[in-house]
1. So, B:Thr31, is that one farther than 19 Å from A:Ser76 by Cβ and assigned to a strand (DSSP E or B) or not?
2. Take the residues of the range B:269-315 that are small (Gly, Ala, Ser) and in contact (Cβ under 8 Å) with a residue 40 or more places away in the chain: which is farthest from the other protein chains (Cβ to nearest Cβ)?
3. How many residues are at pLDDT 95 or above and outside any strand (DSSP E or B) when one looks only at the range A:165-187?
4. If we keep just the residues of the range A:71-95 that are among the polar types (S, T, N, Q) and touching a Phe, Trp or Tyr at 6+ places or on another chain (Cβ under 9 Å), which is nearest to the other protein chains (Cβ to nearest Cβ)?
5. Suppose we filter the range B:264-296 for residues that are within 23 Å of the chain's Cα centre (by Cα), β-branched (Val, Ile, Thr) and farther than 18 Å from B:Val253 by Cβ; how many remain?
6. I'm checking my understanding of the structure. Among residues of the range A:36-70 that are surrounded by fewer than 16 Cβ atoms within 10 Å (Cβ to Cβ) and within 24 Å of B:His94 (Cα to Cα), which one is nearest to the other protein chains (Cβ to nearest Cβ)?
7. Considering only residues that are under 17 Å from the mean Cα position of the chain (by Cα) and part of a loop (DSSP other than H, G, I, E, B), look in the range A:92-114 and name the one that is surrounded by the most Cβ atoms within 10 Å (Cβ to Cβ).
8. Please specify each residue of the range B:41-62 satisfying the condition of being assigned to a helix (DSSP H, G or I) and acidic (Asp, Glu).
Amino acid sequence: MTTIVISGKGGTGKTNIAALLVRILSENKLVLAIDADPDTNLADALGFPVTKTVGDIREGFLDEKDELAPELDKQSYFESRVMSIIEEADRFDIIAMGRPEGPGCYCYANNILRAVIEKLEGNYEMVVIDTEAGLEHLSRRTVRDIDLLLVVSDVSKRGLDTADRIRALANELNIRVKRIAVIANRVRNEHDREKLKNMAEKMNLELIGFIPFDEELAALDLDGLPLTQLKDDSPAFEAVKDLVERLDLN
Amino acid sequence: MAEEFPFEISPMYEGERVRKGDMYVELGGSTKDGFELVQVVDDPNEVEDGKVTLIGPDILDMEEGGFYPYGMIYKVAGEQLETDLEAVLERRHHEFQPYMQGYMHLNQRYDIWVRISKDMIKNGLKSFEQIAKATMMLYKNELPFIEKMEAIYITDEEKVKEELAKAMEIYKARDERARAMHDEDADVFYGCTLCQAFAPTSVCVVTPDRTSLCGAMTWFDCRAAAKVDPEGPNFPIEKGECLDELKGEYTGVNEKAVELSGGEYDRIMLYTFMEYPHTSCGCFEVIGFYMPEVQAIGWVDRNFPAATPNGLPFSSMAGQAGGGKQTLGFLGIGIQYFFSPKFLQGEGGWTTTAWLPKDLKDRILEAIPEDMRDKIATEEDATDVTQLMEFMKKVNHPMVAKWAAEEEEEVEEAAEAAAPEAAAMPQMPMMQPGMMPQMQLPAFAPSGGAAGGIKLVLKNANIKVEKIILKKKE
């Protein structure tokens, strides 16, 4: 199983990149897409809106725990609830983590959740996780080893700064990450490329790809339509496909 | 293993998900009835070992992609088996069935959700009998004290409904038995270190009468977790010798306290507030606080945002007393502990409680003895200690007698069996024999307003009183 985490500054289009990755990877592999960013919606971008999230289940569990039968196996109960909210597409499944934690105690719920997610991930060849720059789910250890942490930046110094911070955070959290790399999104011209390349080099960031600005994608985005409708020969699609091939993910 | 099955059986298939596109049929789940039940049969002659009965269509009679009801009943017999073990045996069903490759089994009891993969059929699965036989083989291999076992599988809609209704009664009876279990009935308690990252010296002792402070772990949960993962955060604590039945002091708990707190604490009393109380983590649902002005305890939960009568909100007290410390005057608890018969047993139970937030009080009203319900103030009655004091006087809170005892001269009169007739007084809470070494009745003044009256102090009393009616002399 290969685990790819997509992160980056808000507004860089990372969810679109994640959606394209899932679409392309699932042509050859069975993929689990995890939407771990409460602000965005990977599931929508993939055309499979989810109605319930793991967060909802966790809250529900904490609310009703006192009423559950005393000898109930809570882990198996929790597991089946999580399984029931997975959306099943043809070649990939989607699960949304939902809202972050409230003020109560989550030690037990998260401990169960870790075991459940780990078990679930074992069923897939590829796991793609879309997460916010704060890496909350990584710090909660709901995700363990990561093969590739892909940070999406827009054409801005701030985008790269966030990449830098995410790299530092990942090191701090003591999660095993095999490779951290940056891709730049909505790149318009050669000037953008050169500038970003130089900045990344100075910051010692590995910049591995450029996704060009894509009119068709922008139009789908504007109408809130899923990226499954994006044509195979659109520039963004081709760039992500090229990236997948170069990284040998297929 | 004489039997040959057309599917692999191994723990490595546990957690295997059968996706919708790969499934041959779905059984139970959210659309159809389903249940599993293990029943211990006392007379071994009533169990035919290895027998499988199927009521309803067999697997190959089912339509591919269809959804069907599913009931699985197992009858077991063995010299060492007793009804109390049924729940433990049934739990293993969820462990064993997923060992079959291509067979997804989720949840338990009346909530089971099963999917059988197309691959299973392709590889030669022909009948539920094979599923039942493999399951029973696993049971008997792993639990050799099962001497005989037979299975009844049901896929007929009506019959599943009928048997499910019967099973519901059995689950209910089982739950009632489990809820009636007390610390005295358990050989071991359990420890939990799940939140030690936040509370390094916390010693969370989970007993049948005391859920974890976070409210998430019952004694049953810990027992199951300790069995599944012996190296994990839940482990048994041998009770050892009971040093104090009333306050809940056990040698085994004390020993574990030393170990878990890194030597910080060496005594923990499970049912007290003011003497070697349980440590408080950072995860507790409710914190109790002693208010010296009224010599009583208030409780506040995480959801109550305002200050309590002692001037502090939940968050400040949690910050002070949390982190795994044993702090006199503060105690973190799980909400279920309010319902425990051991609730502050060392201090006289509910009589010491004087304040609760309204929402919390409503939620746990059933736990409060009837005669104490009107005597516990909420934020609607008192928001500071002075108001609380007034309230307690008005409702004649049991602790008011204590204040009086300290102010007035001691006039002690030994209580005799006969109840004295005097001014009107509310009913006394019901006492259990042997639980109250010292009890003070509240001082009461005759309603005429004249000074005087009497005070009763019972020392080392061992009495059981259901009701005392005191009437003014005509």
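1. Judged against the criteria, B:Thr31 is not a match.
2. In this case the residue turns out to be B:Ala296.
3. The qualifying residues number 0.
4. It comes out as A:Ser80.
5. 2
6. Here the residue is A:Leu68.
7. Filtering the range A:92-114 for residues that are under 17 Å from the mean Cα position of the chain (by Cα) and part of a loop (DSSP other than H, G, I, E, B), the one surrounded by the most Cβ atoms within 10 Å (Cβ to Cβ) comes out as A:Met97.
8. Of everything in the range B:41-62, those that are assigned to a helix (DSSP H, G or I) and acidic (Asp, Glu) turn out to be B:Glu46, B:Asp61.
The values are calculated or read from the model by the stated rules, or taken from the named source; none is laboratory data. Model, not experiment: these values are computed from the prediction. Glycine also receives a Cβ, built like all others from the backbone with ideal geometry; neighbour counts cover every protein chain displayed.
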